[in-house]
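The structure under discussion appears below in the form of structure tokens.
No value in this document is a laboratory result; all are computed from the given coordinates. From a predicted model like this one, the values you see are computed outputs, not experimental measurements. Cβ sites come from the backbone with ideal geometry, for glycine too, and all protein chains shown count toward neighbours.
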Ligand SMILES: [Zn+2]
């Protein structure tokens, strides 16, 4: 299994193995992922393996500074299961913030 290092804005969120994703009848191969903000041009997060030579893929996702949520995923259960603990806690916190704002609940 290939281990990937998760990083957001230069801060390490840990390492965890990933497997190819199967969705809609298609298997997506493992790739290094760089999160690229289409507004300011920052590369603000990455999921990169240090043990294999894989292709890099840029995911266009708005960074926090430009109004994005900062989430790395769309909360697919199979992706959440693969996250290192710090990355999972971060995704849950972002989802709760979104829900709080959507429901107009007090912080
Ligand atoms: Zn930005």
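Taking every C-alpha pair closer than 8 Å and separated by at least 6 residues, the mean separation divided by the residue count of segment 2-102 gives a relative contact order of 26 percent.
Remark: the Cα gyration tensor places the chain in the prolate category, a/c being 1.5 or greater and a/b exceeding b/c.
On a C-alpha basis, how far is the centre of segment 1-29 from the centre of segment 38-73 in Å? Whole number, if you could? If we compute the Cα centre of each part, the gap is 12 Å. Using a 7 Å offset from the Cα along the Cα-to-Cβ direction at both residue 40 and residue 1, what is the distance between the two label points in nm, to one decimal? Those two pseudo-labels are separated by 3.5 nm. Only DSSP H runs of four or more residues enter the estimate; each adds -39500 (n - 2.57), and after division by the residues of the chain the mean residue ellipticity at 222 nm equals -6000 deg cm²/dmol. Sorting 21, 8 from the fewest to the most surrounding beta carbons within 10 angstrom yields 21, 8.
At an R0 of 22 angstrom, the distance between the Cβ atoms of residue 27 and residue 59 translates into a FRET efficiency of 0.75.
Any idea what angle helix 85-102 forms with the longest principal axis of the chain, computed on alpha-carbon atoms, 0 to 90 degrees, nearest 10? Taking the Cα atoms of the chain, the angle to 85-102 is about 30 degrees.
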